[in-house]
Amino acid sequence: MPSGRVHEAINLSVLGLAAGVYWLYRETLAIPEPIAVAFVGSYLVGTFLITPDLDLAERQVRSKRRWGWLGWLWVPYGWLFTHRGLSHTWLVGPLTRLLYLGGVGLVLGWLGLVLVRYLGLHPVLEARFSPPPPEVVWALVLGYYVSQWLHLLADGIWPDVRSLRSRRR
Ligand SMILES: [Zn+2]
């Protein structure tokens, strides 16, 4: 099984290749800049920060270390998921990490609000969040998923087409 460093090298090589191909066909493809930036950004996040091997976060893994002192946030994920189990599946696996991170974000946000109220401060953060356009959201999702799929392929895990087919039946 490849190490974290090898996974990162594979993902970066594929990204470099794709960028080269894009450069050759840039006039025909002409992907708008926000979409390209969203794709590459979430691909890099999926390569360095949110990887399937966080299912080992109760120990030391490269992607956990990249979170710095926030790396402990992933330890419960490592407890919840056995190595190369559900975390290493094609559709649900990447989703478990997004949901986990969303849950952690909600808890931290709630704790922050409680603290702000307790200290009698006015919330500095105003809820002025406007969601990005759908094509940017899709680029974000795709960039993240492609980075996870390359990890799975390098681990020798192929999409289970048979189970998909039998489910459709
Ligand atoms: Zn792995």
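The values are calculated or read from the model by the stated rules, or taken from the named source; none is laboratory data. Because the structure is a prediction, the values reported are computed rather than measured. Glycine gets a Cβ as well: all are built from the backbone with ideal geometry, and neighbour counts include every protein chain shown. Each accessible area value is taken on the protein alone, full model and side chains, heavy atoms only, with ligands, DNA and RNA left out. Shrake-Rupley method; radii C 1.70, N 1.55, O 1.52, S 1.80 Å.
Just to be sure before I move on: is Leu44 surrounded by 15 or more Cβ atoms within 10 Å (Cβ to Cβ), of a type in the set (A, V, I, L, M) and assigned to a helix (DSSP H, G or I) in the structure I sent? I'd like the intermediate steps shown before the answer.
On the way: surrounded by 15 or more Cβ atoms within 10 Å (Cβ to Cβ): yes; of a type in the set (A, V, I, L, M): yes; assigned to a helix (DSSP H, G or I): yes.
Yes; evaluated as a whole, the condition is true for this residue.
Name the residue, out of Val14, Val45, Val37, that is touching a helix residue (DSSP H, G or I) at 6+ places or on another chain (Cβ under 8 Å) and more than 18 Å from Gly156 (Cα to Cα).
Working: Val14 fails: more than 18 Å from Gly156 (Cα to Cα); Val37 fails: touching a helix residue (DSSP H, G or I) at 6+ places or on another chain (Cβ under 8 Å).
Val45 is the lone residue from the list that is touching a helix residue (DSSP H, G or I) at 6+ places or on another chain (Cβ under 8 Å) and more than 18 Å from Gly156 (Cα to Cα).
As an exercise: evaluate Leu98 against (1) open to solvent by less than 60 Å² (accessible area, probe 1.4 Å); (2) in contact (Cβ under 8 Å) with a residue 40 or more places away in the chain; (3) more than 13 Å from the ligand (Cβ to nearest atom) and give the number of the one condition it does not meet.
Tallying (1) open to solvent by less than 60 Å² (accessible area, probe 1.4 Å); (2) in contact (Cβ under 8 Å) with a residue 40 or more places away in the chain; (3) more than 13 Å from the ligand (Cβ to nearest atom), Leu98 fails exactly one: (1).
If I go through the range 53-75 residue by residue, how many of them are touching a residue at least 24 places away in the same chain (Cβ under 8 Å) and farther than 20 Å from Pro2 by Cβ?
Residues in the range 53-75 being touching a residue at least 24 places away in the same chain (Cβ under 8 Å) and farther than 20 Å from Pro2 by Cβ: 1 in total.
Do the conditions hold for Ala19, that is, is it over 20 Å from Leu152 (Cβ atoms), in contact (Cβ under 8 Å) with a residue 40 or more places away in the chain and small (Gly, Ala, Ser)? Walk me through how you get there before you give the answer.
Working: over 20 Å from Leu152 (Cβ atoms): yes; in contact (Cβ under 8 Å) with a residue 40 or more places away in the chain: no; small (Gly, Ala, Ser): yes.
Answer is no for this residue.
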